[in-house]
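One structure below.
The values are calculated or read from the model by the stated rules, or taken from the named source; none is laboratory data. If you're wondering where the values come from, they're calculated on a predicted model, not measured in any experiment. Backbone-built Cβ (ideal geometry, glycine too); neighbour counts: all protein chains shown. Side chains are part of the model used for accessible areas, which takes the heavy atoms of the whole protein and leaves out ligands, DNA and RNA. Shrake-Rupley method; radii C 1.70, N 1.55, O 1.52, S 1.80 Å.
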Amino acid sequence: MRKQLVFISTAAVILLSLSGCWNDVESDKGAALESASAMSHSDMHHSDSGEVPPGLQIAVNPAFKPGTKAILKADHMPGMKGATATIVGAYSTTTYEVTYTPTTGGEPVKHHKWVIQEEIKDAGRQPLKKGTHAILEAEHMPGMKGEKAIIESAENTNVYMVDYTPTTGGAPVKNHKWVTESELSAS
């Protein structure tokens with residue numbers, strides 16, 4: 001009987017210890033998820049799809065023609081500002097700065113630059129006004145497509161898809177969508 005009591009006590013201690021470890025694992029997992037959802041917009045990675053939305057018009061006389069080089073003045077992502085970019089495509093459209101909460105969770109992404117007219121569901125041809133609620137069709141970043149957004153600003157301009165190597169090092173960025181004409185300078 002005494003051996004059974006010692007065995008049961010030992011088993012209970014082991015189970016309690018393991019349950020404490022399990023709680024630590026669950027706690028660590030929760031902290032990791034919390035950290036991921038708190039990731040800043042600049043830490044996220046843009047899609048590298050070179051696809052353009054249907055109906056997007058090629059710019060007639062862009063300041064930067066496809067195949068040419070330009071210096072990025074934009075700082076949408078770390079290592080972007082000051083990098084030399086190769087223009088992949090030039091298009092004429094309305095650009096929008098938007099605020100949205102990713103479908104993947106986390107904090108709202110405020111003043112995301114840029115979503116274009118052709119990447120907003122049922123946007124039509126007329127520019128949307130500041131404060132308009134819209135559904136994003138863009139897939140530049142995880143959790144963007146299908147999300148409700150608020151239009152923060154709108155501008156009719158040429159936009160560019162660019163390739164560049166970040167000034168902070170790392171892998172080249174391919175087909176970054178979008179950079180406006182004012183965010184580029186001659187190289």
Notebook entry, point to check: What pairs come up if the first residue lies in the stretch 109-121 and is in a strand (DSSP E or B), the second is among the hydroxyl-bearing types (Ser, Thr, Tyr), and their beta carbons are under 6 Å apart, counting only those six or more places apart or on different chains?
Noted result: 109/100; 110/99; 114/95; 115/96; 116/93; 116/95
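It is to be established whether one or more residues within the stretch 120-129 are more than 18 Å from residue 77 (Cβ to Cβ) and in contact with a Lys or Arg (Cβ under 9 Å, 6 or more places away or on another chain).
The answer is no, given that none of the residues of the stretch 120-129 is more than 18 Å from residue 77 (Cβ to Cβ) and in contact with a Lys or Arg (Cβ under 9 Å, 6 or more places away or on another chain).
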Note to self: Condition check: assigned to a strand (DSSP E or B) and touching a helix residue (DSSP H, G or I) at 6+ places or on another chain (Cβ under 9 Å). Does residue 88 satisfy that?
What the structure shows: no
Margin query: When you check residue 140 against the structure, is it under 21 Å from residue 51 (Cβ atoms), open to solvent by less than 40 Å² (accessible area, probe 1.4 Å) and in contact with a His (Cβ under 6 Å, 6 or more places away or on another chain), yes or no?
Written below: yes
Check: Looking at the stretch 164-174, which of its residues are surrounded by fewer than 17 Cβ atoms within 10 Å (Cβ to Cβ) and assigned to a strand (DSSP E or B)?
Finding: 174
Next item on the list: May I ask you to list the residues in the stretch 122-163 that are under 18 Å from the mean Cα position of the chain (by Cα), not in a strand (DSSP E or B) and not hydrophobic (A, V, I, L, M, F, W, C)?
Entry: 137, 139, 140, 142, 143, 145, 146, 147
